[in-house]
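To keep things clear, I will list the structure first and then write my remarks on it.
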Amino acid sequence: MKVLIVGSGGREHAIAWKVAQSPKVEKIYCAPGNAGISSVAECVPIGAMEFDKLVAFAKEKAIDLTVIGMDDPLVGGIVDEFEKAGLRVFGPRKNAAILEGSKAFSKNLMKKYNIPTAAYETFTDPEEALRYLETAKMPIVLKADGLALGKGVLICQNLEEAKAGVQELMLDKKFGSAGDEIVIEEFMTGREVSVLSFVDGNIVKIMSSAQDHKRAKDGDQGLNTGGMGNFSPSPFYTEEVDAFCKKYIYQPTVDAMKAEGRPFKGVIFFGLMLTPDGPKVLEYNARFGDPEAQVVLPRLENDIVDVFEACVDGTLDQIDLKFDNDRATVCVILASDGYPVAYEKGFPIKGLEYFEGKDDYYVFHSGTKFNDQGQIVTNGGRVLGVTATGGSLKEARAKAYEATEWVQFANKYMRTDIGKAIDEA
Ligand code: AMP
Ligand code: GLY
């Protein structure tokens, strides 16, 4: 089989690495990919939003299966374009990717189908939003409706901050048209857990849980980022939580999408908050998380291509999804100092060879490229996801931090407390 993967981050590197283990696969392409991905796939210089070029490439190379890693092309309808051309593709169509593409859509869906989530209102008129805030309980949460690189969520402690938030999202349009509509919702407290799942339009199968660290600095300080590191499984995702979510959240979401005439095929990422009133949905994503894929896929025991195909064909019931639950994984992101605001790129990266031939240690590239001299250099805010598995979360964490020392580049920055909650649990 020939497989094409669309995307260029650590998530796509983890997907490509896992696809490469399939005995069915003879060739992998990745568009556009990065320097690390080129160790397992042939990278082709086509952007993830260049649908016509991607379709033409897939036809020319007779690609058997295309896997879409990123949210932007999914929300933009890339799957519909591939299907129209008669190509097999893993991911939700545009009318289902809206589950991530519009927070107003997903909140309304949860309300209609009684899926537990924070109480909320939606607004398209800034005046009305401001009036609503006058009597609302603080703290309160403001969310831009559309995609904003995970940064369109504002937690406001008081009325003043909330009003400034409406100004920023709806009037100054800090996230462009993503702020044409906003969701204002109740502030929830509790532990956050990420749960990825495979969905075939009808049924859902859950992957191992993970816990992200979204803030830039230690102790959950600093700005929200795409994710600075994480671990899997989460010790807080108990059997009780799992049973509750299976009954009230996972399958009900898949059934709701089907009932709305928007059958979902692909990965649903459930962002959950374990509140004192039980688990509630914070958000849905229509794809693997980054870096959730990096901690979950190393422990997936199935041939991932079989699972992708079962989702496309609607035969997921025939797959016995298995994870190595005796082991745990920790990923620490090595970033460029200054991320997520301003940072420099183009610095040579040393020490990547230490990972070669070592079981349990992985380095998934997020933002790297080859420079003119053929050296691997930094090319993004998040640069590498240094990942390790071990017999316990504690061991995996120690190994991941040990491996962060093997790699050097100018302006290297990381959080030093990824998975610290594990030691305290
Ligand atoms: P989201 O992109 O919707 O997951 O939001 C980003 C982050 O903001 C989440 O991971 C939470 O830490 C936080 N957040 C979002 N919604 C709420 C809420 N209703 N209450 C408390 N924190 C929230
Ligand atoms: N790590 C969070 C995300 O991928 O959205």
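For this structure, a couple of remarks:
- Considering (1) touching a residue at least 24 places away in the same chain (Cβ under 8 Å); (2) open to solvent by 20 Å² or more (accessible area, probe 1.4 Å); (3) in a helix (DSSP H, G or I), the lone condition that Val25 does not fulfil carries the number (3).
- The set of residues from the range 274-290 being open to solvent by 20 Å² or more (accessible area, probe 1.4 Å), more than 13 Å from ligand 2 (Cβ to nearest atom) and closer than 19 Å to Ser208 by Cβ comprises just one member, Leu274.
- Taking the range 353-381 as the range and being within 13 Å of Gly36 (Cα to Cα) and outside any loop (DSSP other than H, G, I, E, B) as the test, the residues that pass are Glu353, Phe355, Tyr362, Val363, Phe364, His365, Thr368, Lys369, Phe370, Ile376, Val377, Thr378.
- Unique match (being more than 16 Å from ligand 2 (Cβ to nearest atom) and either in contact (Cβ under 8 Å) with a residue 40 or more places away in the chain or charged (D, E, K, R) (or both)) among Pro92, Pro116: Pro116
- Those residues of the range 106-142 which are more than 25 Å from the chain's Cα centre (by Cα), surrounded by 14 or more Cβ atoms within 10 Å (Cβ to Cβ) and of a type in the set (Ser, Thr, Tyr), in sequence order: Tyr132
- Scanning the range 268-301 for residues that are away from ligand 1 (no atom under 16 Å from the Cβ) and among the hydrophobic types (A, V, I, L, M, F, W, C) gives Ala293, Val295, Val296, Leu297, Leu300.
- Qualifying residue in the range 291-304 (condition: open to solvent by less than 20 Å² (accessible area, probe 1.4 Å), among the acidic types (Asp, Glu), within 16 Å of ligand 2 (Cβ to nearest atom) and not in a strand (DSSP E or B)): yes
- Residue pairs meeting the criteria (Cβ under 9 Å; at least 6 apart or on separate chains; first farther than 14 Å from Ser197 by Cβ, in the range 248-260; second open to solvent by 30 Å² or more (accessible area, probe 1.4 Å) and assigned to a helix (DSSP H, G or I)): Ala256/Lys112; Glu260/Asn95; Glu260/Lys112
- Subset tally (residues that are farther than 15 Å from Ile15 by Cβ and more than 16 Å from ligand 2 (Cβ to nearest atom)) for the range 64-81: 7
- The number of residues in the range 166-194 being modelled with pLDDT of 90 or more, crowded, with 17+ Cβ neighbours inside 10 Å and more than 13 Å from ligand 1 (Cβ to nearest atom) comes to 5.
- Checking each residue in the range 173-201 for being hydroxyl-bearing (Ser, Thr, Tyr) and in a loop (DSSP other than H, G, I, E, B) picks out only Thr189.
- Within the range 195-205, considering residues that are of a type in the set (Val, Ile, Thr) and over 22 Å from Thr387 (Cβ atoms), the one surrounded by the most Cβ atoms within 10 Å (Cβ to Cβ): Val199
- When the strands (runs of 3 or more DSSP E) confined to the range 206-273 are screened for residues that are surrounded by fewer than 23 Cβ atoms within 10 Å (Cβ to Cβ) and within 16 Å of ligand 2 (Cβ to nearest atom), those reaching at least 1 such residues are found at 215-217, 221-224.
- Only residues that are in contact (Cβ under 8 Å) with a residue 12 or more places away in the chain and open to solvent by 70 Å² or more (accessible area, probe 1.4 Å) were counted across the range 328-353, and they come to 6.
- Odd one out for Lys369, checked against (1) within 22 Å of the chain's Cα centre (by Cα); (2) open to solvent by 40 Å² or more (accessible area, probe 1.4 Å); (3) under 30 Å from Thr238 (Cα atoms): (3)
- Thr117 vs. criteria in contact with a strand residue (DSSP E or B) (Cβ under 7 Å, 6 or more places away or on another chain) and hydroxyl-bearing (Ser, Thr, Tyr): yes
- Residue tally, condition charged (D, E, K, R) and away from ligand 1 (no atom under 12 Å from the Cβ), over the range 142-165: 3
- For the range 48-70, the set of residues classified as small (Gly, Ala, Ser) and in contact with a strand residue (DSSP E or B) (Cβ under 6 Å, 6 or more places away or on another chain) consists of Ala48, Ala58, Gly69, listed by residue number.
The values are calculated or read from the model by the stated rules, or taken from the named source; none is laboratory data. The structure displayed is predicted, hence computed values, not measured ones. Using ideal geometry, Cβ is built from the backbone for each residue, glycine included, and neighbour counts are taken over all protein chains shown. Protein only, heavy atoms only, side chains kept; ligands, DNA and RNA dropped before computing areas. Shrake-Rupley method; radii C 1.70, N 1.55, O 1.52, S 1.80 Å.
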